[in-house]
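The values are calculated or read from the model by the stated rules, or taken from the named source; none is laboratory data. The structure displayed is predicted, hence computed values, not measured ones. For neighbour counting, all protein chains shown are included, and Cβ atoms are generated from backbone atoms with ideal geometry for every residue, glycine included.
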Amino acid sequence: MAANASVIAGVGVEPFVGRSDRSVEDLARAALGRALTDAGVDLDDVDLFVFGSRFEHPSLGQRTLLPLCATGVTILNTENACASGTSALEIATAYVGAGMADVAVAVGAEHPSDLGSSIPLPAFDRLARVGITHPVRYALEAAKYCAEHGVDSDTLAGVPVKNRAHAAKNPVARFQQPVTTEEVLGSPLIAFPYTRLHCCANADGAGAAVITTEAVARDRGAEPIRIRALVSGSGGRYDRRIERPMVQSLAEAAYEQAGIGPEDVDVAEVYDAFAILEVLNTERLGFAAPGTAASRIAAGEFTLGSARRTVTNSGGGLIGRGHPLGATGLAQLAEIVDQLRGRADGHQVDGASVGVVQTMGGNVRDLEANAGSVMVLSR
Amino acid sequence: MSPSGVIAGGSRCSQCGEIRLPAVERCPACRSTEIVACEVDGAGRILAVSKVQTPPRDGESWLAVMADVAGGVRVVGLGRPPIAVGDEVMLVADEDGVPVFARSGGPNGG
């Protein structure tokens with residue numbers, strides 16, 4: 001659905017770290033404060049809070065807002081796997097678009113260092129019971145891609161090399177050091193073709209965004225970022241060949257809604273929980289033909305400073321930034337807003353005027369994805 | 001064990017014959033709700049193989065596989081070595097509801 005009336009007035013990210021001594025509520029409040037300051041909006045102006053998290057205890061929003069004495073208005077909490085933060089943003093955008101809220105804040109926060117090194121999988125998950133965890137599942141997807149397209153699996157290392165190089169220039173990213181192809185291929189094997197560095201790591205962190213009308217944003221002195229398209233969906237069953245992948249469908253609909261094509265996109269956040277996802281999503285977003293993205297990424301395309309559009313994951317992506325599940329969608333959004341406002345110091349894409357945010361999440365194993373969205377933004 | 005080489009828990013549409021695994025209550029192909037439970041023939045072809053180091057099984061690496069089996073049904077399961085992309089496989093076991101495949105023929109011998 002179109003959400004033309006809603007704009008992004010401000011964003012904020014509390015830097016992602018491997019392990020934070022602060023509580024998830026504290027991280028959420030910090031991101032919330034940053035976004036409100038960015039938008040020039042007072043806490044008391046907010047009439048809707050939407051929180052997104054994957055593994056936090058229910059009612060994260062209420063617990064976060066309690067010490068701020070900011071309850072009384074509508075507080076919603078949403079869970080949609082790794083797309084939880086983006087789903088919170090979608091709900092906030094829809095409320096403002098429908099006139100049900102004037103100033104909405106979406107907050108995503110997660111403290112997964114409490115969970116251990118890998119995300120927990122439920123007892124009813126038959127694949128998890130035999131060891132087929134998410135990295136293994138996506139390693140199979142990578143192996144299938146390489147077999148189908150005759151791609152050398154070593155080229156997948158181009159994804160972490162690019163994203164870690166970008167993350168090293170992004171102060172909110174967990175990983176501040178770049179890595180080489182040799183380091184990627186030489187790090188401990190998880191499931192062929194993945195080593196540890198092909199997979200995103202957990203991080204503790206939070207992100208937030210203020211969504212309001214253009215009139216309110218301008219009144220507060222915030223530069224509004226227009227939501228040209230926001231299309232969301234869920235994946236189909238994965239017990240047959242997927243004829244039309246979810247991300248491709250969402251991207252086509254989003255481009256049509258925005259009246260642009262993929263060639264018009266300057267900068268994009270492409271969901272990259274595992275290297276193959278960035279490769280597939282780059283193709284499904286129309287930035288590369290099927291079977292070509294891995295080689296093109298490895299050859300240095302889509303990288304900051306590359307002469308050709310599009311730069312992908314200029315902020316480091318999930319692989320470079322770390323992945324505090326519910327916070328990721330809002331960190332993706334914040335990166336694109338910073339790019340479009342020309343303030344992504346050290347990792348700015350020159351002249352960026354059109355940006356895309358693509359998020360997805362999955363944990364129901366027989367589905368292609370639990371949820372996904374594609375957003376087109378511009379000044 | 002599944003000595004008959006079939007995977008339990010599937011469904012077949014009485015109207016159009018579409019087979020799905022796990023079972024559906026409504027056919028995604030023709031929208032019929034006349035569905036009967038069925039077993040799915042585990043004979044098929046390997047699309048992808050991954051040697052898994054983490055988590056290990058009994059301290060050793062092991063093989064995860066993706067295969068297309070009878071009726072175009074795509075499954076993820078375990079593989080018994082030697083097994084490679086393109087191999088014709090059959091179902092040789094069931095481990096806690098997850099199919100286990102072994103080579104029955106194909107480009108890499110059988």
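Filtering region A:162-180 to residues that are out of contact with any strand residue (DSSP E or B) (no Cβ under 7 Å at 6 or more places or on another chain) and touching a residue at least 40 places away in the same chain (Cβ under 8 Å) leaves A:K162, A:N163, A:R164, A:A165, A:H166, A:A167, A:A168, A:K169, A:N170, A:F175.
Return the residue satisfying two criteria in turn: it lies in region B:84-94 and is more than 9 Å from every other protein chain (Cβ to nearest Cβ) and either among the small types (G, A, S) or at positive phi (or both), and of such residues it is farthest from the chain's Cα centre (by Cα). Outline the logic, then answer.
Start the filter on region B:84-94 by keeping residues that are more than 9 Å from every other protein chain (Cβ to nearest Cβ), which leaves B:84, B:87-94.
Now drop any that are not either among the small types (G, A, S) or at positive phi (or both), which leaves B:84, B:93.
Values: B:A84: 15, B:A93: 10 Å.
If we take residues in region B:84-94 being more than 9 Å from every other protein chain (Cβ to nearest Cβ) and either among the small types (G, A, S) or at positive phi (or both), then B:A84 is farthest from the chain's Cα centre (by Cα).
If you filter region A:320-343 down to residues that are part of a loop (DSSP other than H, G, I, E, B) and in contact (Cβ under 8 Å) with a residue 40 or more places away in the chain, you find that the one that is farthest from A:S306 (Cα to Cα) is A:P324.
When every residue of region A:81-103 is checked against the conditions, none turns out to be without any contact (Cβ under 8 Å) to a residue 60 or more places away in the chain, more than 14 Å from chain B (Cβ to nearest Cβ) and in contact with a Pro (Cβ under 8 Å, 6 or more places away or on another chain).
Looking across region A:50-65, the residues that are more than 10 Å from A:T78 (Cα to Cα) and hydrophobic (A, V, I, L, M, F, W, C) come down to A:F55, A:L65. Looking only at region B:41-54, count every residue that is within 11 Å of another protein chain (Cβ to nearest Cβ) and of a type outside the set (S, T, Y) and tell me the total. Qualifying residue count, region B:41-54: 7. Residues that are within 23 Å of A:I319 (Cβ to Cβ) and under 21 Å from the mean Cα position of the chain (by Cα) number at least 1 in the following helices (runs of 4 or more DSSP H) confined to region A:11-103: A:24-39, A:84-97.
Reported count of residues in region B:55-83, each being more than 7 Å from every other protein chain (Cβ to nearest Cβ), surrounded by fewer than 20 Cβ atoms within 10 Å (Cβ to Cβ) and within 23 Å of A:P188 (Cβ to Cβ), is 6. A residue that is at pLDDT 95 or above and surrounded by fewer than 24 Cβ atoms within 10 Å (Cβ to Cβ) occurs nowhere in region A:80-90. Only a single item in (1) within 14 Å of another protein chain (Cβ to nearest Cβ); (2) part of a helix (DSSP H, G or I) is not met by A:V151, and it is number (2). Screening A:V172 against (1) more than 23 Å from A:G326 (Cα to Cα); (2) at pLDDT 95 or above leaves a single unmet condition, (1).
With respect to the conditions (1) under 24 Å from A:P193 (Cα atoms); (2) facing chain A (nearest Cβ under 9 Å); (3) of a type in the set (A, V, I, L, M, F, W, C); (4) in a loop (DSSP other than H, G, I, E, B), B:V24 falls short on a single one, namely (1). Within region A:280-317, if we keep just the residues that are outside any helix (DSSP H, G or I) and aliphatic (A, V, I, L, M), the residue that is modelled with the lowest pLDDT turns out to be A:A307. Of all residues assigned to region A:276-291, none qualifies as being touching a residue at least 24 places away in the same chain (Cβ under 8 Å), at negative phi and of a type in the set (G, A, S).
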